[in-house]
Amino acid sequence: MTEQPGAELPKYGERRPRPQYGEYATPQEQAKIIADSLPAVSPLLVPPADGHSTAAGAPQPPDASTRVPGTAPAAGQRPRRWDIILTAVLLGYATINVIAQLLTKDTLATIVTQFFITQNIGQYVPTELTANLGETLNVITLGLFVFTVLVTTWMLRRGRVAFWVPIAGGVTATVVALVFVVILLQSDPVFIAYMNRAGK
């Protein structure tokens with residue numbers, strides 16, 4: 001190996017000092033010196049396949065292919081066909097009922113009148129309370145219908161089963177109507193007299 005100019009050759013039998021600057025170091029020693037002079041790289045950073053460094057041992061985001069069965073589907077997943085058909089039928093039926101109720105405007109009077117006829121109570125005479133409760137019922141029914149449509153649409157877009165939402169909305173509207181009917185019956189003198197006669 002060619003020595004650099006000015007380098008003092010060791011005498012026979014003398015041991016060479018440890019190379020520091022590569023003046024008479026072997027290629028292996030030079031590579032070791034260069035490696036020791038480089039800054040240490042943290043072993044905690046492991047380059048993944050996507051090119052972004054990730055800390056070793058850090059939890060990886062769940063893959064869609066490894067989703068646990070029975071969990072809720074991810075947003076944007078295609079909903080079930082049977083659920084879409086059933087939900088559409090229920091919403092169509094609810095739409096027809098709501099439109100008919102809004103056009104009639106005296107739903108409560110009709111319900112109470114039919115109840116009087118079937119029970120042979122007598123003739124029902126609508127009052128101002130009947131009109132007020134009827135208007136309130138129409139507003140509540142329309143609000144429930146809009147809320148039901150919004151919730152159903154949101155659930156279908158999320159890929160969740162949504163047929164039960166129109167059913168729940170219809171049941172809620174029916175319960176509200178029955179409460180109003182009971183209020184009207186309790187304030188009607190003909191119905192009160194009928195109940196008094198039945199209690200004797």
**Failed condition for residue 100, given (1) over 28 Å from the mean Cα position of the chain (by Cα); (2) open to solvent by 70 Å² or more (accessible area, probe 1.4 Å); (3) within 21 Å of residue 168 (Cα to Cα)** = (2)
**Request:** Restrict the check to segment 136-157 and report whether at least one residue is surrounded by fewer than 19 Cβ atoms within 10 Å (Cβ to Cβ) and assigned to a loop (DSSP other than H, G, I, E, B).
**Result:** no
**Prompt:** Which one of these does residue 196 not meet: (1) part of a helix (DSSP H, G or I); (2) modelled with pLDDT of 90 or more; (3) open to solvent by 70 Å² or more (accessible area, probe 1.4 Å)?
**Reply:** (2)
**Item:** Scope segment 109-130; condition open to solvent by less than 80 Å² (accessible area, probe 1.4 Å) and farther than 19 Å from residue 195 by Cβ; matching residues
**Value:** 109, 110, 126
**Message:** Would you confirm, using the coordinates I've provided, whether residue 63 is loosely packed, with under 10 Cβ neighbours inside 10 Å, modelled with pLDDT under 55 and farther than 30 Å from residue 198 by Cβ?
**Reply:** yes
**Message:** Taking the conditions exactly as written (of a type outside the set (D, E, K, R), closer than 30 Å to residue 85 by Cα and open to solvent by 20 Å² or more (accessible area, probe 1.4 Å)), does residue 133 satisfy them or not?
**Reply:** no
**Request:** Could you grab me the full set of residues in segment 78-118 that are of a type in the set (Val, Ile, Thr) and not in a helix (DSSP H, G or I)?
**Result:** none
**Item:** Filter result (of a type in the set (S, T, N, Q), closer than 12 Å to residue 184 by Cβ and in contact with a helix residue (DSSP H, G or I) (Cβ under 8 Å, 6 or more places away or on another chain)) within segment 93-115
**Value:** 107, 110
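The values are calculated or read from the model by the stated rules, or taken from the named source; none is laboratory data. Here the structure is a predicted model, which means the values were calculated and not measured. Heads up, the Cβs are rebuilt from the backbone with ideal geometry, glycines too, and the neighbour counts pull from every protein chain shown. All accessible areas refer to the heavy atoms of the entire protein, side chains included, with ligands and DNA or RNA removed. Shrake-Rupley method; radii C 1.70, N 1.55, O 1.52, S 1.80 Å.
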